1. Starting from the 7 Å offset along Cα-to-Cβ, what nm value, one decimal, do you get for the label separation of ALA5 and ILE115?
2. When N counts the residues of the range 20-169, how does its alpha-carbon radius of gyration compare numerically with 2.2 N^0.38 Å, as a ratio?
3. Can you figure out the FRET efficiency of THR263 with SER93, using R₀ = 56 Å and their beta-carbon distance, to the nearest 0.05?
4. Considering only protein heavy atoms, what per residue accessible area in square angstrom results for the chain with a 1.4 angstrom probe?
5. So how much accessible area does ARG94 have, in Å² to the nearest 10, using a 1.4 Å probe?
6. For Cα extents along the principal axes in Å, the listed values are (i) 72, 54, 48; (ii) 101, 44, 41; (iii) 58, 56, 49; which was obtained by calculation from the structure presented?
7. Between GLN56 and TYR304, what length in nm is gained on full extension when 0.36 nm per residue of separation is reduced by their alpha carbon distance?
8. For the chain, what does -39500 (n - 2.57) per DSSP helix run (n ≥ 4), summed and divided by total residues, give at 222 nm, in deg cm²/dmol to the nearest 500?
Amino acid sequence: AALSALGISGSSVEASSTLLKVTVPVGQLAALVSQLSGVAFVRAPYEPYALATAGQGVAAIGAGAFHSAGLTGAGARVAVIDLGFYGLAQAQSRGDLPATLTQVDLTGTGLTSGISHGTAVAEIIYDVAPSAELYLIKIGDDVDLDQAVTYCLANGIDIINHSLGWYNTNNYDGMGTIGDIARRAISGGILWVNAAGNEAQSHWQSGFADANLDGWHDTPVTFYATSGSSIMIYLTWNEWPQSSSDYDLYLYDPLGGLVASSTKYQTGTEEPTESIQTTALQSGTYSIRVHGTGSRALNLYNLYQGVSPAVASSSILAPADVAEVVAVGAVNYANYASGPQ
């Protein structure tokens, strides 16, 4: 009766098992309190705060100025195409991701199984564009990636974020299958944003040189690995997509013993790639050697360790190496204004 007398409708009242919330103009609050009996205390509602760590990037890149101007990504559809979204529910519960988003698993293994990389990427996007509509798409291979692009084109996606890199799929020149998939999305009107990668210290590039004609590239590439650590090495050269230059890849341990090799045949129909995946059985300096003939330009990556000598130039992976893709590099937020990149 007291609420009705003040013109407050029932829709302005919400009740829980122990609390009553009334939405009322501040100017009518004193009159309302004076007419209510059996009420000991009136206060403003408690408001929760998300228990999350805000990304430093919002302030560093000046995104807060856009937020203040009301530009928060509303109306944009952003797809995160990644390898896994482990911890998604926990990120949503602590406010690092919105409660409502679209989930697409193209692998059949479950969107939230595997790694948490996609979740972390989505959190950054949500920090910068909190009103954008998020689509989380899990892939496992290039067929999945192509299907993901088809999905994005059919569902009005504006932006694809792909913080993944694809080794040994081209000569890091924007060509090849992965580059073509990215260009298909771009030609359909989607902005493709890709991580440039962190390979500046784990990449080596050189023309094959064999001054003493013993069949081996003159200088080895070395790296330090601790016992038990994973080793993943990729080699390709500038003879895509079909190679008749036959180069082979060898890995030696700190004592000079052969650890592993990759000796596929390239006879004019095969791709110019070799790769080694193994585990370091002892700590120390390992050596990578390349065997072959000719003078092809070699590109080598060591996924988990830096190499010596390292060549930073041309160390951008597919599809960030596609000219039409926006490739984004990371800078420590504490050095964002001053560098170095």
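1. 6.7 nm
2. Values: Rg = 21.3 Å, N = 150, 2.2 N^0.38 = 14.8 Å.
Normalised Cα radius of gyration, the range 20-169: 1.44.
3. Numbers: r = 51 Å, r/R0 = 0.90.
Computed FRET efficiency for THR263 and SER93 comes out at 0.65.
4. On the way: 17980 Å² over 341 residues.
So the chain comes to 53 Å² accessible per residue, rounded to a whole number.
5. For ARG94, solvent-accessible area is about 90 Å².
6. (ii)
7. Working: separation 248, 0.36 × 248 = 89.28 nm, distance 2.62 nm.
So the extension gain works out to 86.7 nm.
8. -5000 deg cm²/dmol
The values are calculated or read from the model by the stated rules, or taken from the named source; none is laboratory data. These numbers come from a predicted model, not from an experiment. All Cβ positions, glycine included, derive from the backbone under ideal geometry; neighbour counts span all protein chains shown. All accessible areas refer to the heavy atoms of the entire protein, side chains included, with ligands and DNA or RNA removed. Shrake-Rupley method; radii C 1.70, N 1.55, O 1.52, S 1.80 Å.
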